[in-house]
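Structure, as structure tokens:
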Amino acid sequence: MSKKDRVEDVETNVEDPVNETPITEELSVEEQLQEDLGKEKDKFLRLFAEFENYKKRTTKERMDLYKTAGQEVILSLLPVLDDFDRALNEMSKSEEKELLKGVELIRNKFKNTLESKGLEEVAAAKGDAFNADLHEAITQIPAPSDDLKGKIVDVIEKGYKLGDKVIRFPKVITGS
């Protein structure tokens with residue numbers, strides 16, 4: 001087959017591009033606008049939902065900040081409250097009942113002021129079950145009795161929480 005024959009053969013197999021119908025259907029103007037409108041609505045709804053989530057998150061963060069705003073100050077005042085407790089314990093052994101009442105009044109006023117700011121004592125008493133999520137074990141000693149094994153034998157330092165957050169865990173001694 002000559003070169004000329006091959007060219008003629010190719011020319012007879014090619015379709016006329018003018019008479020062909022388009023392979024892809026083009027969207028009408030109205031359909032194109034509807035599609036664009038749908039995309040814009042979707043974009044708007046996603047942006048609106050993102051903004052609502054942002055508002056909720058910042059509101060929650062602001063509320064948490066208000067609840068724990070004084071945490072650092074309250075933490076620095078807890079040793080003073082502990083000193084009041086120790087002073088009352090020692091003064092209760094003396095004969096000075098009037099002095100004991102005066103110190104007790106000051107301590108109660110101080111504690112009530114801290115409680116009004118959201119401070120709460122974490123309950124921990126001798127004989128309670130030890131919970132690693134709520135208590136800080138300082139040491140373990142042999143249990144004085146079988147019923148105190150795995151339980152709190154003594155509370156060294158009281159624990160406190162501010163709102164729902166524990167700011168100082170109670171320090172305890174557990175029995176083994």
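Of note:
- In Hz, Karplus ³J(HN,Hα) per residue of the range 34-49 (6.51, -1.76, 1.60; θ = phi - 60°; x = Gly, Pro): 4, 5, 4, 5, x, 5, 5, 5, 4, 4, 5, 5, 5, 5, 5, 5
- Ordering of 102-112, 145-155 by burial proxy (mean other Cβ atoms within 10 Å per residue, highest first): 145-155, 102-112
- Simple label model, 7 Å out from Cα along Cβ direction - Ala143 to Phe44, nm: 6.8
- Those lysines that a straight Cα-Cα span of less than 20 Å connects to Lys109, excepting residues fewer than 8 apart in one chain: Lys97, Lys101, Lys117, Lys158, Lys161
- Computed over protein heavy atoms with a 1.4 Å probe, the carbon and sulfur contribution to the accessible area of the range 68-176 reaches 53%.
- Around the Cα centre of the range 78-176, unit charges on the Cβ atoms of Lys, Arg, Asp and Glu (plus for the first two, minus for the last two) sum to a dipole of about 200 debye.
- Close amide H partners of Ala143, meaning residues 5 or more places away or on another chain with modelled amide H under 5 Å apart, are Ser176.
- For the range 145-161, 3J(HN,Hα) computed residue by residue from phi via the Karplus equation (6.51, -1.76, 1.60; θ = phi - 60°) reads 9, 5, 6, 9, 5, x, 10, 6, 8, 8, 9, 7, 9, 5, x, 9, 10 Hz, glycine and proline entered as x.
- Counting DSSP beta bridges with both ends in the range 65-176, the antiparallel % (nearest 5): 65
- Amide H contacts under 5 Å for Arg168, placed H, 5+ residues apart: Tyr160
- Residues in the range 48-176 average 69 Å² of solvent-accessible surface per residue, probe 1.4 Å, ligands and nucleic acids excluded.
- Phi-based couplings in Hz for the range 166-176 (Karplus 6.51, -1.76, 1.60; Gly and Pro marked x): 6, 9, 8, 7, x, 8, 10, 10, 10, x, 10
- Here's how it looks for Asp154: its modeled amide H is under 5 Å from those of Ile173, which are all 5 or more places away or on a different chain.
The values are calculated or read from the model by the stated rules, or taken from the named source; none is laboratory data. Owing to the predicted nature of the structure, the values given are computational and were not obtained by experimental measurement. Virtual Cβ from ideal backbone geometry, glycine too; neighbours counted across all protein chains shown. Please note that ligands, DNA and RNA were not included when accessible areas were found on the heavy atoms of the full protein model with its side chains. Shrake-Rupley method; radii C 1.70, N 1.55, O 1.52, S 1.80 Å.
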